[in-house]
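Reading through the structure tokens given below for one structure.
The values are calculated or read from the model by the stated rules, or taken from the named source; none is laboratory data. Bear in mind that the values here come from a model prediction, so they are computed numbers and not experimental data. Neighbour counts run over all protein chains shown; Cβ positions are idealised from the backbone, glycine included. When the accessible area is computed, the model is the full protein with side chains, heavy atoms only, and any ligands, DNA or RNA have been set aside. Shrake-Rupley method; radii C 1.70, N 1.55, O 1.52, S 1.80 Å.
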Amino acid sequence: MIDALTSGLLAGYGIAVPVGAIGVLIVTLAARVSLRHGAAAGLGVATADGLYALAAVVGGVTVARLVSPAIAVLQAAAAVVLAAIAVRGIVVAVRASRAPADATRSTPARSLIRTYATFVGLTLLNPMTIVYFAALVVGHQGGAADSTSSLLLVGAVFVAAAFVASASWQVLLASGGALLGRTLASPRGRLVTALVGNGIIGLLAIRLAWQAVS
């Protein structure tokens, strides 16, 4: 049980800590909008990681093999989505810098749910996550003849630990983004953070597209 907990935590941090386009997007969102929106985005990412961990526990290598042929297509789709987000983020930031100060913080309450759902979808576009989790799960099975109930419990602990690890890191990224937003609270500072953050997202989208076609 302790081994499943430790393995899940390490797996969750292992997939979450390398900051890619999604991580930069969370930081930028928290800096420009609010910590709540950044946290909602982070929980969306963690939910997708947890779903992939669950799929890996249930299906293991079989599920990983099923999604492997679609990796290039999904990478290309993710690149297009991220590029669109980067362009939209830059356009919105430029418009907001020219708008009255009291008009830049009006955000509907429902957008938190939309933000969460958007980041679940974006993260699910990365099927390498399930390949990663499946490799770890298979590597830790070791051929042990445990009972079904024991295996289910171990799997549940692994999935829950992976989700908690991913969620804690994503919320930490959001907190850093919110702190950055407070530090650069002037209109010019917020414009700079948006341009830099979305510019990085655009570059990472290009890199992802290159990986998809190469």
Which numbered condition in (1) touching a Gly at 6+ places or on another chain (Cβ under 8 Å); (2) modelled with pLDDT of 80 or more is the only one that L82 fails?
(2)
State the number of residues belonging to region 185-210 that are surrounded by 16 or more Cβ atoms within 10 Å (Cβ to Cβ) and either over 17 Å from the mean Cα position of the chain (by Cα) or aromatic (F, W, Y) (or both).
6
Condition first: farther than 19 Å from A55 by Cβ and in contact with a Phe, Trp or Tyr (Cβ under 7 Å, 6 or more places away or on another chain). Now tell me which residues in region 14-40 satisfy that.
V17, A40
Complete set of residues in region 86-118 that are over 14 Å from the mean Cα position of the chain (by Cα), closer than 18 Å to A39 by Cβ and at pLDDT 70 or above
S111, L112, I113, R114
Scan L191, L204, L180 and give me the residue that is within 20 Å of L82 (Cβ to Cβ) and either out of contact with any Phe, Trp or Tyr (no Cβ under 7 Å at 6 or more places or on another chain) or among the hydroxyl-bearing types (S, T, Y) (or both).
L204
Return the residues of region 8-39 that are over 15 Å from the mean Cα position of the chain (by Cα) and closer than 13 Å to S166 by Cα; say none if nothing qualifies.
G8, L9, L10
If I ask for residues that are open to solvent by 20 Å² or more (accessible area, probe 1.4 Å), assigned to a helix (DSSP H, G or I) and aliphatic (A, V, I, L, M), which ones from region 4-23 would you list?
L5, L9, L10, I15, I22
Would you please name the residue that is modelled with the highest pLDDT, looking only at residues in region 119-146 that are open to solvent by less than 60 Å² (accessible area, probe 1.4 Å) and hydroxyl-bearing (S, T, Y)?
T123
